[in-house]
Amino acid sequence: MNYFNEKIETMSREDMKALQSERLIDLVKRVYDNVPYYRAKMDKINLKPSDIKSIDDISKLPFTTKQDLRANYPFGLFAVPKKEIVRLHASSGTTGKLTVVGYTKRDLEDWAECGARSLAIAGCTNDDVVHISYGYGLFTGGLGMHYGSERLGAMTIPVSTGNTMRQIMLLRDFAATTICCTPSYAIFLAEEMEKANIKPSELSLKIGVFGAEPWSDSMRIEIEKRLNIKAYDIYGLSEISGPGVSMGCGDKFGLHVMEDYFYPEIVDVDTLEPLGDNEKGELVFTTLNKQGIPLIRYRTRDISELKHETCPVCGRTLVRMKRVQGRSDDMLIIRGVNVFPSQIETVLLGISGVIGSHYKIIVDRIGNLDVIEIQVEMSEAIFSDEVKSVEKVRKDVEHDMQSMLGIAAKITLVSPNSLPLSEGKTARIEDKRKI
Ligand code: DLL
């Protein structure tokens with residue numbers, strides 16, 4: 001089997017628990033001493049670091065949420081002095097502020113190890129040529145896979161997103177054997193190749209490492225057929241590190257969690273009580289080894305299940321999580337970009353000329369590309385104004401929305417009182433994509 005770190009990847013449950021316990025005890029001490037926010041949270045429930053004696057005590061600890069990150073924006077949850085942080089990444093917050101994460105040198109090394117293990121799980125070795133089409137920048141996809149691939153020793157090509165015909169040319173000319181991108185981009189790539197009459201056999205691709213958005217098993221089958229590769233699922237989130245929190249080996253149940261670094265739990269969405277194996281609930285992670293911004297019991301909002309048996313496919317003992325089954329909040333992922341309806345609302349409420357609380361979000365997949373349309377009601381004054389002023393308001397919304405979301409949205413202004421009054425937030429969202 002193609003292990004990157006056989007000792008960890010096939011560790012006995014007993015040894016893994018001992019390692020996790022040792023790391024948790026140290027982590028709780030570190031955050032209690034260095035992060036006032038955590039100390040206050042623990043003091044409030046009268047919990048001392050010495051109360052945490054093993055990984056089994058984890059459920060005594062309070063949860064952390066995206067709102068906690070926002071309340072401490074940008075660096076309030078960092079557990080080391082700023083000079084020890086060597087990299088920042090960020091993802092969408094629920095309103096205007098980004099969710100910011102900081103990495104120490106060791107955090108980057110650990111993350112690269114996770115990326116290398118993930119690529120190895122997909123069967124990659126240092127003989128491979130890895131083409132990375134995840135975005136490079138504040139998004140963790142590009143740089144995360146990049147350092148993982150280099151750690152593995154593979155030839156790493158940092159292409160980033162965009163310009164699909166150029167991507168196809170590079171894939172062919174550099175004879176990439178592995179591609180890392182979102183599953184929807186893989187389908188788009190296949191489509192563009194078909195249009196340009198380029199056959200998969202003209203490329204050298206064998207492996208695809210796809211993630212950053214939900215996708216189904218039928219999508220996997222379609223990608224495998226159209227690109228003539230084996231497609232693997234990679235999961236991660238910026239708050240916990242980025243891609244490589246877990247990785248699928250092809251086993252039907254799901255993805256192996258790098259549980260020596262990220263301790264997973266499944267909790268009931270309503271009661272937040274921990275659930276057992278094969279029970280569906282919200283995935284929660286504790287970053288056992290992280291220095292920069294360690295998170296305790298971070299609620300991902302992703303719905304999954306866990307299974308602790310040794311994997312029948314690859315022999316790894318690392319706990320498996322089921323392919324993400326949905327979310328417990330209203331976050332949308334559009335072309336790999338996380339979008340919260342609350343961000344949209346924040347923009348709309350800041351623009352005069354529209355009734356910011358009367359909107360509807362329509363998401364669709366047209367020709368394999370996600371598109372988002374935002375319908376918003378005009379104010380009475382603008383409605384009766386001339387066409388030029390209506391168009392100006394529309395352009396303002398379009399511009400502010402692009403800077404808030406980082407992707408373009410189609411903006412449609414509709415007449416006052418024409419949208420149905422919605423009873424809840426989700427009623428304002430129509431997701432027509434069949435994933
Ligand atoms: O999407 C990190 C990543 C990059 C993962 C490249 C895989 C590959 P964020 O932008 O913080 O980080 O978004 C995290 O995306 O909570 C999930 O809801 C969703 N997500 C990520 N991977 C998967 C996946 C990156 N394989 C959020 N399947 C997470 C389903 C996924 N959803």
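The values are calculated or read from the model by the stated rules, or taken from the named source; none is laboratory data. Remember, it's a predicted structure, so these values are computed and weren't measured experimentally. Note that each Cβ is placed from the backbone with ideal geometry, even for glycine, and that neighbours are counted across all protein chains shown. With ligands, DNA and RNA removed, areas are computed over all heavy atoms of the protein, side chains included. Shrake-Rupley method; radii C 1.70, N 1.55, O 1.52, S 1.80 Å.
Before moving on, here are some points about what is shown:
- Only aspartates and glutamates eight or more places from Lys48 in sequence, or on another chain, were considered; those with a Cα closer than 15 Å are Asp26, Asp33, Asp57.
- In this simple spin-label approximation, Phe75 and Ala18 carry label points 7 Å from Cα along the Cα→Cβ vector, and these lie 3.9 nm apart.
- Placing unit charges on the Cβ atoms of the charged side chains and taking the dipole of the chain about its Cα centre, the candidate lying farthest along the positive direction among Val209, Ile221, Gln291 is Gln291.
- Taking each of Lys105/Lys432; Lys7/Lys322; Lys60/Lys432; Lys322/Lys395; Lys17/Lys252; Lys7/Lys29 in turn, the alpha-carbon distance tops 31 angstrom for Lys105/Lys432; Lys60/Lys432; Lys322/Lys395.
- With θ taken as phi - 60° and the Karplus curve 6.51 cos²θ - 1.76 cosθ + 1.60 applied, the whole-hertz 3J(HN,Hα) list for the range 318-325 is 4, 3, 9, 10, 5, 2, 3, 9 Hz, x standing for glycine and proline.
- Estimated from helical segments only, the mean residue ellipticity of the chain at 222 nm is -9500 deg cm²/dmol, where each DSSP H run of four or more residues counts as -39500 (n - 2.57).
- Accessible surface for the range 317-435, divided over its residues, is 49 Å² per residue with a 1.4 Å probe.
- Listed residue (Ile334, Ile382, Pro74) projecting farthest to the positive dipole end of the chain, Cβ model: Pro74
- Solvent-accessible area per residue, Å², over the range 68-142 with all protein chains present [probe radius 1.4 Å]: 37
- Cys residues of the chain counted as unpaired, since no other Cys beta-carbon is under 4.7 Å: Cys114, Cys124, Cys180, Cys181, Cys311
- Anisotropy class of the range 196-288 from Cα gyration tensor, a/c 1.5 cut: prolate
- The range 337-431: relative contact order in percent, alpha carbon pairs under 8 Å with at least 6 residues between: 33
- Dipole magnitude of the range 324-435 about its Cα centre (Cβ charges: Lys, Arg +1; Asp, Glu -1), debye to nearest 20: 420
- Just the protein heavy atoms count here, and of the accessible area of the chain at 1.4 Å, carbon and sulfur take up 51 percent.
- Model label sites at Lys230 and Ser357, defined 7 Å from Cα along the beta-carbon direction, differ in position by 5.5 nm.
- For the range 337-431: rounded, prolate or oblate by the Cα gyration tensor [a/c cutoff 1.5]: prolate
- Choice from Pro158, Pro420, Pro274 showing the highest fluctuation, given a GNM over the chain with Cα pairs closer than 10 Å: Pro420
- Spin-label pair Ala175-Ile221: with each label point 7 Å from Cα along the Cα-Cβ axis, the two points sit 3.4 nm from one another.
- Selected from Ile25, Ile382, Ile334 as most flexible by GNM, with the chain as the system and alpha-carbon contacts under 10 Å: Ile382
- FRET efficiency for the pair Ile45 and Ser328, taken as 1/(1 + (r/R0)^6) with r the Cβ-Cβ distance and R0 = 22 Å, rounds to 0.40.
- Global geometry of the chain, whether rounded, prolate or oblate, following the gyration tensor of its Cα atoms and the 1.5 cut on a/c: oblate
- For the chain, built as a Gaussian network whose Cα springs stay under 10 Å, the top-fluctuating residue of Pro214, Pro81, Pro264: Pro81
- Heavy-atom accessible surface of Lys432, to the nearest 10 Å², is about 90 Å², with a 1.4 Å probe and all protein chains retained.
- Förster radius 60 Å - calculated FRET efficiency between Glu380 and Arg87, Cβ distance, rounded to 0.05: 0.75
- The charge dipole of the chain, taken about its Cα centre with unit charges on the Cβ of Lys, Arg, Asp and Glu (plus for the first two, minus for the last two), comes to roughly 540 debye.
- Legend: calculated FRET efficiency, Leu419 to Gln67, from the Cβ-Cβ distance at R0 = 35 Å, rounded to 0.05, equals 0.80.
- Relative contact order of the chain, pairs being alpha-carbon contacts under 8 Å that are 6 or more residues apart, as %: 13
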